[in-house]
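Okay, here's the structure, questions in a sec.
The values are calculated or read from the model by the stated rules, or taken from the named source; none is laboratory data. Since we're looking at a predicted model, the values are computed, not measured. Cβ atoms come from the backbone with ideal geometry, glycine included; neighbour counts cover every protein chain shown.
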Amino acid sequence: MDYDVKRDDAQWRANLKPEEYAVLREAATERPWTGELLDEDRAGLYTCKACGNELFVAGTKFDSGCGWPSFYESVRPDAVELIPDSSLGVERTEVRCARCGSHLGHVFPDGVGTPTGDRYCMNSLALDFTPEG
């Protein structure tokens, strides 16, 4: 995909902390239950830490019990890019920022009790949060 935000590797490394770079640009996963946004419950907006793209509104966040911030839908269908991922030997769906291509997490069809049935399982390190007001 052709992304609106384009940077070379040196620019990404200069703009991101090493642990953010590992998640956003190398598709690493932060340890469960360690993300600073896991228990965030204020109204507001979640954006891509790499480029600022609007990704999720707080009203779609729910406690899935998985150890990572979970949402049942993105702010707009074109805010994220969904890519088949079989890197661990199982079929999953990777979620990337549609503006810069950064790895955010994965989406699973097990969001029980949500309006969509989806669970966007996101890395806190991939997101910024701006509270309402």
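Could you say which residue among 25, 13 is out of contact with any Ser or Thr (no Cβ under 9 Å at 6 or more places or on another chain), at negative phi, in a helix (DSSP H, G or I) and modelled with pLDDT of 95 or more?
Being out of contact with any Ser or Thr (no Cβ under 9 Å at 6 or more places or on another chain), at negative phi, in a helix (DSSP H, G or I) and modelled with pLDDT of 95 or more holds for just one of 25, 13, which is 13.
Would you check which residues across region 67-78 are more than 16 Å from residue 47 (Cβ to Cβ) and at pLDDT 95 or above and list them?
Result: 67, 68, 70, 72.
Which of the residues that make up region 35-46 are over 15 Å from the mean Cα position of the chain (by Cα) and more than 13 Å from residue 70 (Cα to Cα)?
42, 43, 44
Only residues that are part of a strand (DSSP E or B) and either surrounded by fewer than 19 Cβ atoms within 10 Å (Cβ to Cβ) or among the small types (Gly, Ala, Ser) (or both): list them for region 63-111, please.
The answer is 70, 81, 82, 83, 84, 85, 92, 93, 94, 105, 108.
Then there is this: Taking residue 29, is it touching a strand residue (DSSP E or B) at 6+ places or on another chain (Cβ under 9 Å), over 13 Å from residue 102 (Cβ atoms), touching a residue at least 40 places away in the same chain (Cβ under 8 Å) and of a type in the set (Val, Ile, Thr)?
yes
Going by the structure shown, is residue 20 touching a strand residue (DSSP E or B) at 6+ places or on another chain (Cβ under 9 Å) and on the phi < 0 side of the Ramachandran plot?
So residue 20 fails the test.
Another one. So, in region 1-27, how many residues would count as being hydrophobic (A, V, I, L, M, F, W, C), farther than 12 Å from residue 51 by Cβ and surrounded by 17 or more Cβ atoms within 10 Å (Cβ to Cβ)?
Total satisfying the criteria: 3.
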